[in-house]
Amino acid sequence: MNDLSIAWVTAPFFLGFLIFLVPKLDRVLALLGALVSCSYAVWVFLQPSPIDLQLLDRFGVTLTIDALSGYFILTNALVTAAVIFYCWQTDKTAFFYAQTIIIHGSINAAFASTDFISLYVALEVSGIAAFLLIAYPRSDRSIWVGLRYLCVSNVAMLFYLVGAVLVYQATHSFNFAGLDAAPPEAIALIFMGLLVKGGIFVSGLWLPLTHSESEAPVSALLSGVVVKAGVYPLVRCALMVEEVNPIVRLFGVGTALLGVFYAVFEKDTKRMLAFHTISQLGFILAAPVVGGFYALTHGLVKSALFLISSKLPSRNFKELQKQPISTPIWIALVIASFSISGFPMLAGFGAKVLTTKNLLPWQVIGMNVAALGTAISFAKFIFLPHQRSEPRDNPSTMRGFWLAMVVLLGGLIAANSVYYQAYTLKNIIKPLVTIGLGWLAYWFIFKRVTVKFPRAIERFDHLVGVMSLMSIVLFWLVLT
Amino acid sequence: MNNLIFTIGWIVLPFCLGFGIYLIPKLHKFFALFGAIVSVGYALQLLVSKKTFVFELLDNFGVTLILDELSGYFILTNALVAVAVILYCWRTEKTAFFYAQTLILHGSVNAAFACADFISLYVALEVSGIAAFLLVAYPRTDRSIWVALRYLFVSNVAMLFYLIGAVLVYKSNHSFHFDGLVNAPPEAVALIFLGLLVKGGVFVSGLWLPLTHSEAETPVSAMLSGAVVKAGVYPLVRCALMVEALDPVVRVFGVGAALIGAFYAFFERDTKRMLALSTISQLGWILAAPQVAGLYALTHGLGKSALFLTAGGAFPSRNFQELQQRSIDPRIWMVALVASLSISGFPLLSGFAAKALTTDRLLPWQDIIMNVGAVGTAMVYAKFIFLPHRQQEQASEDRKNVAPGFSMAAIFLLVGLIAANGFYIQAYTVGKIGKAIATIVLGWLAYFAITQRVEFKLPRALEQFEHLIGVMSLMLIVLFWMVWARSGI
Amino acid sequence: MFLEACVLATTLCGFFGIVLKKNLVMKIVAMDVMSTGVIAYYVLIASRDGLFTPILDGDQTVAYADPVPQAVILTAIVIGFSIQALMLVAVMKLSRDNPTLESHEIEKNNTP
C-alpha cells in the first residue's frame, strides 16, 4: 500500500525523463502518467481510511492521502489527460510533453505531502516546469510572462521558507500540524506564500496576465490544476488546525467577490476566464471541508473553457458578438458555462450546493453575490451568436479537441453521481433563480456598460509590493 | 585568543575590502593596496615571531588553520606580488571590478595558505579559481574567454576528483584534517594529489598552465604565476611535512616537474610562454625539498612576476627572434637581468640563497638530477640575459609602449629580491658561491652551444583541451600506483 | 557496495563525457553529471551508519546518518552551481563567433 503510493508519486517524473530518452513515445508516456494518477485517485476513494506515510523518521517526509487529496489528484489527472489529447495532433515536441508530465507529477506531490518542506520542493518544481511551459513558444512576450510568473512565485516562496523554519523552531517538525503551536508570524508568512502561489485575493493578480497570455493547453493546465497546488495546502491546514479555518474562509469570500467583480467587466475571453479562476478558488476555500469536490468540478470546467476559447474566432467579446461561432463548439461552451454557473444536471450544481451547505452564516450573503456574478459573467458566453458552419481548423486537431471535451465534459456529468443527494426541489430552484437573475442583470445592465479598470495593480512592481501589504494584513488577522 | 581574532580578521579583510570596492568604486586602488599591505604585515609578523599557531574553529569537524613560518613565506609572496601588480596597474584604466577581483583572489589564496583541512582548502581553491577566471576573462575577447573557460574547466574537474578523495579521508578518520592522510586508503591520497597537482600546475598535469599564463593580461599572468599556482602547491608541501609516507611522492613529482618544465621552456620561442613553462620547472624546485619550500616560493614569486611584468609590459615584442634583432632599453634590460640572475641562482640575489637552501635539503638520489635542472634553468634564462640592449633612437619609441606603472612595480620586486637574502644569510660560503657560479657559467656555455645551432619545435598536442583532461586519468593511475606501492611495503 | 559502484560509474560517465563529447555545452553538462556523482558519493558515505536524523529523541538510540559530509557537500553544490553558471555565460559569449561550439574549432581559432 505504501509502496504503491510512493510508486505513484515518482512515476510521472520517471516517465518524464523517459520521454527525453525515447522522444517517439512522448504522447503515449505522458498519457500513461495521467492514467496512472487517475486510477490511483479512484483507488484512494475506495480506501476505507486515509493513507498516512512517514518516510525515514519524524524529520522526514510525511504524506497524507485521503478523499480530499483524491479529488485534487483526480482533477489533476483528468485535466492533464485532456490537455494531452488536445495536443495529440499538434506538432508539440517531446520537451512539451515531458514538462507537462513533470508538472503533473509535482502537483501530485503537492497534493500528497503534509509537511512544509516536501510541499516547498513540490511547489518549486511545479513553478519551474510551469515557467518552461509558458515560455515554450520562445517569443519575447511568452518569456517575459514566464519570467514574471517565476519571479513572483519565487519571492513568495522565500517568505514561505522563512515561515517554515519558524514552524520548525516552535515544534521541531515541519508537519502541517505544527501550525497549531507556531507563532503568528509563521502562519502569516506561510499563508503569504501559499496565497500568492495559489492566486488568491489581491495576491493573485499576477494570474490574469499569466493565464491569458499562455498557449491554450498551458492555460488550461495552469488554471485547472497548477493554482490548486497552492490552494490545497491552505485547505489542508484549515482542516488540521482549527484557528486558521476562519482566516481561510475569509480569504475565500474575499477572493470570490474580487475575482467575479473583475470578471464581470472584462472584455477579453481568456482574461475573463483567468479572473474567474481567482473567484472560483474562493469557493474552494470558503468551505474547506468540501473543497475537494469543488476543485474537481472547477478544474474540469475551467480547462474545458480555456481549450474552447482557443477555438473561438476572436478573444474579444465585442468581436465575438458579430462573428457567429459554429454550433458544436457553442454547445460545448454552453455546457461548461452552465456547469460553472451551477445549473442542475451538471456537477457544478452539486459542488455549489455542497459548498453552500457548509458555509458559515456570515459567508452566505457574500457567496450568493459571487454566485450571481458568476452567472452574469458566463452569460457573456452563453448568449454568443452561433450558426452551423465548418470549423476552420483541420479535422485532425479538432479530433484531439473533441476527445479532450469528452474527457472534461463527460467527467462533469459523471461527477454528478458523487453528490446526487443535492437533487431536491429546493436546491434546484435556488440556482435557477440565481442564474435567471444573473441573465437579467446581464441583459439589462452589464451588456451596455463599458467600464475599464486600470491595470496598474497588475504591474510587476505592484505585485511584489502587494506581498508586503498582504503579510501585514495576514499577521494582523492571525494575531487577533 | 588575540591571535585568533587577529588571524580571522586578516583572512576576512580582503573579502570585506573587495566588497567594499563595489560600494565605493572611487577608492578601488587604495582598498586593494591596503589589503595587500595588511597581508605583508601579517606575514612579516609570522616570519619574525617564528611561532606556530593552530586554530580549531567550532569543533573537531570545523575549520582548522595552521600558521607557521612556512605559511608565512607563502603569504608574504602572495602579498608582495599583489602589491606589485596593483602598483603596475595604478595608472592604467582598469575598472573597480578588476581591483575587486584581484583582492578577492589575493584573499582566497591567503585562505588556502592558512587552512589545514581539506574542505576549507577546497572552498579557498574554488574561490580562487572563480576569481582567476574573471581576471583572465577581463578583456572580454573571445580568446581570453576561451582561455579562462579552459582554465576553470580543467581546475573544476580536478577539484571534483579532489572532493572524492576528501570524503574518503573523512570516511577513515571522521575528520577532514590534513593529517588524516596517514590512515587514508591509497586511492584517497591519489585523488587528492591529482587535484592539487592539476591546480598547482605540477608536472604533466600542469600543461594547462602555459596557455593560460601566457594569454592572460600581463598583470594577471604575474599574479597567476607568482601566487595563485602556489595555492595548489602549498597543500602538497604541507602534506609532505605532516605525513612521512608522502614526502618521497612529493619529491619525485618535484624532480619530474623541474626537468620537464626546464626542457619545454628551453625550446620555447615566445617570452611569456617560456616564463610560464619555467614556472612549472620552478614549482618542481619548491616541491623537491618540502622543508624549505617557503623561501624558494618567495624568491620565485618575486622573480617570476617581475619577469612577467617586464616581458609583457615593457618588451617591444613577445618573440625571441624579433627581440634578438632589435635592441631593448638598457634599463628595462637591467630589470630582466636581475630577475633572471636571481632565478638562475646568482649570488647577491635571494634566488641564490633559496637554491642553496633547497640543495642542502635534497636527498642523495635527487642531487644529480636537480643539478641538471639548475643548469637547465641557467640555460633558459640566458635567453633573457643575452638579449641585445643599447640606447637607440628607436628605443625612445619603445619606451612609450612601456606600461606606466612598470618602473614602480619592478623596483618594488627587485628590492624585495635583494632584501630576501636576509632570510638565509648563511648561504654565503665560498663553496656554495663557487658552485652557483659554475652552474650558471655551464648553463650559459650550453646555451651558446645549443641554441645557436638547433632549431627545434616541440609539438603542443599535449596542451589540447581533451588531452589535459585525459592526462588526469593517467596521472590518477600513476599516483595510485605510487602511493599503493609505498603503503604496500 | 552496489550503490557505491553506481555512484562511481556516474562519476566516470561524466568524466568520459568531458573527454569524448565535442560540443562545449555537452562538456559542461557532462561535468555536471560528474559532480552529481561526487555529491551522491558524499550522501552515500554520510548514510553508511544509518538514515535517521542525529537528534536525540528520548533514550532510544537509532542508526543515524553522519551530518558532517552532508553539510560540507552543500558548499560544493553551491560552488558547482555557480561555476556552471559562469561557464555557461562564457559559452554564450563564445557562441556568437563560434556557433557550433566545438571545442576543437574554438581551440584552433584561439591558440596563438
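The values are calculated or read from the model by the stated rules, or taken from the named source; none is laboratory data. Just so we're clear, the structure is a prediction, and the values are computed from it rather than from any experiment. As a convention, Cβ positions derive from the backbone with ideal geometry for all residues, glycine included, and neighbour counts pool all protein chains shown.
Residue-by-condition table, conditions (1) in contact with a helix residue (DSSP H, G or I) (Cβ under 9 Å, 6 or more places away or on another chain); (2) buried (at least 17 other Cβ atoms within 10 Å of the Cβ):
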position: A:Phe401; (1), (2): yes, yes
position: A:Asn416; (1), (2): yes, yes
position: A:Gln421; (1), (2): yes, no
position: A:Lys426; (1), (2): no, no
position: A:Gly436; (1), (2): yes, no
position: A:Ala456; (1), (2): yes, no
position: A:Val466; (1), (2): yes, yes
position: A:Phe475; (1), (2): yes, yes
Select, from B:Tyr162, B:Tyr170, B:Tyr151, the only residue that is among the aromatic types (Phe, Trp, Tyr), closer than 30 Å to C:Pro112 by Cα and either within 13 Å of chain C (Cβ to nearest Cβ) or in contact with a strand residue (DSSP E or B) (Cβ under 6 Å, 6 or more places away or on another chain) (or both). B:Tyr151
Enumeration of residues in region A:1-34 that are more than 14 Å from A:Ile73 (Cβ to Cβ) and aromatic (Phe, Trp, Tyr): A:Phe13, A:Phe14, A:Phe17, A:Phe20
Select the helices (runs of 4 or more DSSP H) contained entirely in region A:298-389, then report the ones holding at least 3 residues which are under 20 Å from the mean Cα position of the chain (by Cα) and of a type outside the set (Ser, Thr, Tyr). A:327-341, A:347-357, A:361-382
Can you run down the residue pairs with Cβ atoms below 6 Å, 6 or more apart or on separate chains, where the first is in region B:102-129 and touching a residue at least 24 places away in the same chain (Cβ under 8 Å) and the partner is basic (Lys, Arg)? B:Leu125/B:Lys199
Tell me which of these B:Ile433 doesn't satisfy, since it passes every other one: (1) in contact with a Pro (Cβ under 6 Å, 6 or more places away or on another chain); (2) of a type outside the set (Asp, Glu); (3) under 27 Å from B:Lys272 (Cβ atoms). (3)
If I filter region A:41-75 down to residues being of a type in the set (Phe, Trp, Tyr) and crowded, with 22+ Cβ neighbours inside 10 Å, which single residue comes out as farthest from the other protein chains (Cβ to nearest Cβ)? A:Tyr71
Which of the following residues is surrounded by fewer than 24 Cβ atoms within 10 Å (Cβ to Cβ), over 30 Å from B:Ala311 (Cβ atoms), over 21 Å from the mean Cα position of the chain (by Cα) and touching a residue at least 12 places away in the same chain (Cβ under 8 Å): B:Thr92, B:Thr52? B:Thr52
Output for region A:414-439, where each listed residue is outside any helix (DSSP H, G or I) and without any contact (Cβ under 8 Å) to a residue 60 or more places away in the chain: A:Thr424
Restricting to region B:456-478, give me the number of residues that are outside any loop (DSSP other than H, G, I, E, B), over 16 Å from B:Val202 (Cα atoms) and within 9 Å of chain C (Cβ to nearest Cβ). 2
Within region C:67-86, restricting to residues that are at the interface with another protein chain (Cβ under 8 Å from one of its Cβ atoms) and more than 14 Å from B:Met159 (Cα to Cα), the one that is surrounded by the most Cβ atoms within 10 Å (Cβ to Cβ) is C:Pro69
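Can you name the residue in region C:55-66 that is in contact with a strand residue (DSSP E or B) (Cβ under 9 Å, 6 or more places away or on another chain) and at pLDDT 80 or above and, of all such residues, is surrounded by the most Cβ atoms within 10 Å (Cβ to Cβ)?
My answer is C:Ala65.
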Residue, farthest from the chain's Cα centre (by Cα), within region A:7-27, restricted to residues that are among the β-branched types (Val, Ile, Thr) and under 21 Å from A:Val225 (Cα atoms): A:Thr10
Given (1) modelled with pLDDT of 90 or more; (2) closer than 17 Å to A:Ile335 by Cβ, where does A:Val433 come up short, assuming only one miss? (2)
For region A:73-94, indicate whether the set of residues that are assigned to a helix (DSSP H, G or I), closer than 17 Å to A:Val9 by Cα and aromatic (Phe, Trp, Tyr) is non-empty. no
Being without any contact (Cβ under 8 Å) to a residue 24 or more places away in the chain and within 25 Å of A:Trp144 (Cβ to Cβ) is the filter here, so list the residues in region A:440-461 that pass it. A:Pro454, A:Arg455, A:Ala456, A:Arg459, A:Asp461
Only one of these is within 10 Å of another protein chain (Cβ to nearest Cβ), of a type in the set (Gly, Ala, Ser) and under 18 Å from the mean Cα position of the chain (by Cα): B:Gly129, B:Gly107. Name it. B:Gly129
Do we find a residue being at pLDDT 85 or above and over 20 Å from B:Ile328 (Cα atoms) anywhere in region B:389-407? no
For region C:54-101, give me each residue that is among the acidic types (Asp, Glu) and either in contact with a Gly (Cβ under 7 Å, 6 or more places away or on another chain) or assigned to a loop (DSSP other than H, G, I, E, B) (or both). C:Asp59, C:Asp66, C:Asp97
(1) in contact with a Pro (Cβ under 7 Å, 6 or more places away or on another chain); (2) under 27 Å from B:Ala84 (Cβ atoms); (3) of a type in the set (A, V, I, L, M, F, W, C); (4) without any contact (Cβ under 8 Å) to a residue 60 or more places away in the chain: which one isn't true of B:Ala257, the others all being true? (1)
Across region C:27-53, the tally of residues that are within 14 Å of chain A (Cβ to nearest Cβ), assigned to a helix (DSSP H, G or I) and either surrounded by fewer than 21 Cβ atoms within 10 Å (Cβ to Cβ) or modelled with pLDDT of 90 or more (or both) stands at 4
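With within 14 Å of another protein chain (Cβ to nearest Cβ), assigned to a helix (DSSP H, G or I), more than 14 Å from the chain's Cα centre (by Cα) and surrounded by 23 or more Cβ atoms within 10 Å (Cβ to Cβ) as the only criterion, which of B:Gly195, B:Gly180 stands out?
That would be B:Gly195, the only listed residue that is within 14 Å of another protein chain (Cβ to nearest Cβ), assigned to a helix (DSSP H, G or I), more than 14 Å from the chain's Cα centre (by Cα) and surrounded by 23 or more Cβ atoms within 10 Å (Cβ to Cβ).
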On the given criteria, is A:Val152 touching a residue at least 12 places away in the same chain (Cβ under 8 Å), assigned to a helix (DSSP H, G or I), away from every other protein chain (no Cβ under 14 Å) and over 19 Å from A:Ser471 (Cα atoms)? no
Condition met for B:Leu4 (modelled with pLDDT under 90, farther than 22 Å from B:Leu295 by Cα and either touching a helix residue (DSSP H, G or I) at 6+ places or on another chain (Cβ under 9 Å) or surrounded by 14 or more Cβ atoms within 10 Å (Cβ to Cβ) (or both)): no
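This table checks each residue for (1) closer than 26 Å to A:Gly465 by Cα; (2) in a loop (DSSP other than H, G, I, E, B).
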residue	(1), (2)
A:Leu123	yes, no
A:Ala130	yes, no
A:Pro137	no, yes
A:Arg141	yes, no
A:Phe159	yes, no
A:Gln169	no, no
A:Ser173	no, yes
A:Phe191	yes, no
I need a count of the residues in region C:5-26 that are away from every other protein chain (no Cβ under 11 Å) and in a helix (DSSP H, G or I). 7
